[in-house]
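The values are calculated or read from the model by the stated rules, or taken from the named source; none is laboratory data. Everything numeric here is computed off the predicted structure, so don't read it as measured data. Here the Cβ is made from the backbone with ideal geometry for all residues, glycine too, and neighbour counts use every protein chain on show. Only protein heavy atoms, including side chains, enter the accessible area calculation; ligands, DNA and RNA are left aside. Shrake-Rupley method; radii C 1.70, N 1.55, O 1.52, S 1.80 Å.
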Amino acid sequence: MKFGYEGLEVWNRAVDFAVKVVDVVEKIDTGRKHYRLLEQIEGSSTSISMNLAEGKGRNSKKEFTQFCYIARGSLYETMTLLEIFRRKGWIADSVYSAMETEGLEIVSMIKGLINALCKPKD
């Protein structure tokens, strides 16, 4: 037996994405003064899959949809932090580009899930 969210491809992709973000962050050496930013990106990246899972466990499609929007917001937050890290020179352009490609694929999957949840029954 599995949890319902484990069958969602977008959830699996979001978990993989979070692991990659954490891997990237572990390689950044900025000193203690930027520790809060590193914690923030770990939180926002893991929040994507956590909100998808929480939404899947809710009682209605409307609630699930709301958690999908929150997951999308967490993805946008993560991408913004990655852009800041790129501009600061903490991550390479190639690393950002790879993460951006994956982020765009996940946001497209979230949009598709939202559209499916909001589609009226025939």
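Show log10 I(q)/I(0) for the chain at q = 0.11, 0.15, 0.16 Å⁻¹, two decimals, from a solvent-free Debye sum over equal Cα scatterers. Values returned for q = 0.11, 0.15, 0.16 Å⁻¹ are -0.39, -0.66, -0.74. Against the longest principal axis of the chain, how steep is helix 9-26, in degrees 0 to 90 to the nearest 10, with axes from Cα atoms? Roughly 10 degrees between the two axes. For region 70-80, putting each phi into the Karplus relation 6.51 cos²θ - 1.76 cosθ + 1.60 with θ = phi - 60° gives couplings of 5, 4, 4, x, 5, 5, 4, 4, 4, 5, 5 Hz, in residue order, rounded to whole numbers and with x for Gly and Pro.
Can you compute the charge dipole magnitude of the chain about its Cα centre, using +1 on each Lys and Arg Cβ and -1 on each Asp and Glu Cβ, nothing else charged? Give it in debye, rounded to the nearest 20. Display every interim value, and only then the final one.
Details: 18 positive and 17 negative charges, 82 e Å.
Charge dipole of the chain: 400 debye, to the nearest 20.
Give me the percent of the accessible area of the chain that comes from carbon and sulfur atoms, probe 1.4 Å, all protein chains in place. Intermediate results must be reported in sequence, preceding the final value.
Details: 3950 of 7570 Å².
Carbon and sulfur: 52 percent of the exposed surface of the chain.
Phi-derived couplings, Karplus 6.51 cos²θ - 1.76 cosθ + 1.60 at θ = phi - 60°, listed residue by residue for region 81-94: 5, 4, 5, 4, 4, 5, 5, 7, x, 7, 10, 6, 4, 5 Hz, with x used for Gly and Pro.
Listed cross-link partners Lys61/Lys111; Lys88/Lys111; Lys20/Lys61; Lys27/Lys88; Lys56/Lys121 are compared with a 22 Å cut-off, the Cα-Cα value being larger for Lys88/Lys111; Lys20/Lys61.
Per residue, how much accessible area does region 1-63 have with a 1.4 Å probe, in Å²? Don't skip to the end; give the middle numbers.
Details: 4170 Å² over 63 residues.
On a per-residue basis, region 1-63 sits at 66 Å².
Around Lys61, with a cut-off of 13 angstrom between Cβ atoms, what is the net charge of the other residues, counting Lys and Arg +1 and Asp and Glu -1?
Working: positive: Lys56, Arg58, Lys62, Lys119, Lys121; negative: Glu63.
Here the count lands on +4.
From the alpha carbon centroid of region 52-81 to that of region 98-118 is 11 Å.
Close amide H contacts of Ile91 (hydrogens built in the peptide plane, cut-off under 5 Å, sequence separation of 5 or more or a different chain): Arg86.
If you fit an axis through the alpha-carbon atoms of helix 35-56 and take the longest principal axis of the Cα set of the chain, what angle between them do you get, 0 to 90°, nearest 10? Compared with the principal axis, the helix lies near 10 degrees. Entry note, the chain: the mean residue ellipticity at 222 nm calculated from DSSP H runs of n ≥ 4, each adding -39500 (n - 2.57), is -27000 deg cm²/dmol after division by the residues and rounding to the nearest 500.
Quick one: compute the contact order of the chain, relative version, from alpha carbon pairs under 8 angstrom and 6+ residues apart, as a percent.
Values: 108 pairs, mean separation 35.0, N = 122.
The normalised contact order for the chain reaches 29 percent.
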